[in-house]
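Notes follow once the structure below has been shown.
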Amino acid sequence: MPTGSTELLSPDNDTGRGKFSAGPVRAEEIHKSRPANVWIHRTVAETAHSLTAHFDLPDASSSPRFVDFVEVQRQIGILQAHCQLGVPERDVFILDKISLRLVAPTAPGDASSARGIIRAHLVATGGGGRSRSLTQYFSLEGATGLIAVGKAASSLLPRTVYERIRRQSPTSTNGISLRSNYTYSEPIRIDPDDPLVSDHPSDHLTAIQTIADVERVALRQTPSTNVRSLKLTFQRYAELEPSPTLRLKVSGTGRLVAEVTQHDIRRIKITGSVTS
């Protein structure tokens with residue numbers, strides 16, 4: 001197949017359906033270590049490139065965090081790539097961009113959106129008969145209707161290629177942060193007691209770890225608000241050491257801009273909004 005052509009599994013092909021079992025989603029299928037941190041279940045392959053699952057957040061007695069919904073999106077995205085697209089477990093699933101927008105903000109104390117249904121649809125592109133990238137679209141629905149919509153773009157690499165790239169030190173100075181009006185600039189915090197961010201083995205800073213801290217800081221800077229939308233774009237890997245720096249500002253109109261830097265080079269760009 002020519003490079004750049006679309007590689008969708010045929011809707012008449014039952015390959016996607018056949019790879020799902022009646023049992024629960026295993027932790028390793030969504031890159032987790034502990035079964036208690038698997039939040040999706042009862043998966044159904046609607047078509048060969050569409051997947052539906054039920055989700056249950058662990059603390060159903062309180063309002064979900066924004067990052068909790070992003071984690072639900074991440075879990076079904078990983079599962080879909082492996083089980084429907086057939087991405088080998090030895091390949092590396094590299095997240096390039098991820099975004100989520102709440103259709104309606106969650107009110108304090110409202111736990112009605114802590115469980116529901118998430119739908120995922122994927123489009124894969126590549127060449128030589130092998131998928132090299134994919135875009136996924138998501139919608140989360142609760143008891144009262146649509147909760148959020150999201151999107152993710154990822155690249156797929158054989159592990160040998162990934163390891164070679166990871167050994168290379170960035171030499172380009174493109175992406176050096178020139179912005180100076182951030183109101184927050186501190187080392188990023190990863191809560192070791194939060195299973196959302198701690199039970200996700202990785203050799204670099206993850207999107208979920210970043211979004212969790214962005215949400216924490218944004219709500220501290222603008223009390224009585226909620227994160228309404230976020231878009232995160234990886235520009236380079238951010239290593240775990242030395243601790244990357246999160247720089248953030250929320251404007252008076254609720255516009256959020258942030259970045260993660262390391263060695264004075266921007267690694268991650270974040271934009272979004274907060275609302276009362």
Note to self: Would you confirm, using the coordinates I've provided, whether V214 is buried (at least 22 other Cβ atoms within 10 Å of the Cβ) and closer than 24 Å to N37 by Cβ?
What the structure shows: yes
Check: Can you name the residue in the range 70-99 that is under 9 Å from the mean Cα position of the chain (by Cα) and among the hydrophobic types (A, V, I, L, M, F, W, C) and is also surrounded by the fewest Cβ atoms within 10 Å (Cβ to Cβ) among such residues?
Finding: L95
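Return yes or no: is T233 at pLDDT 95 or above, in the same structural domain as Y184 (by TED's automatic domain parsing) and over 29 Å from S63 (Cβ atoms)?
In short, no.
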Check: What do you reckon, is S131 among the polar types (S, T, N, Q), modelled with pLDDT of 90 or more, on the phi < 0 side of the Ramachandran plot and in the same structural domain as F66 (by TED's automatic domain parsing)?
Finding: no
Check: Got a number for residues in the range 59-103 being in contact with a Pro (Cβ under 9 Å, 6 or more places away or on another chain) and part of a strand (DSSP E or B)?
Finding: 1
Check: What are the pairs, 6+ residues apart or on separate chains, where a residue within the range 204-230 that is more than 21 Å from K97 (Cβ to Cβ) has its Cβ under 9 Å from a residue that is in a loop (DSSP other than H, G, I, E, B) and among the aliphatic types (A, V, I, L, M)?
Finding: N226/A107
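The values are calculated or read from the model by the stated rules, or taken from the named source; none is laboratory data. Bear in mind that the values here come from a model prediction, so they are computed numbers and not experimental data. Positions of Cβ are backbone-derived with ideal geometry, glycine not excepted, and every protein chain shown enters the neighbour counts.
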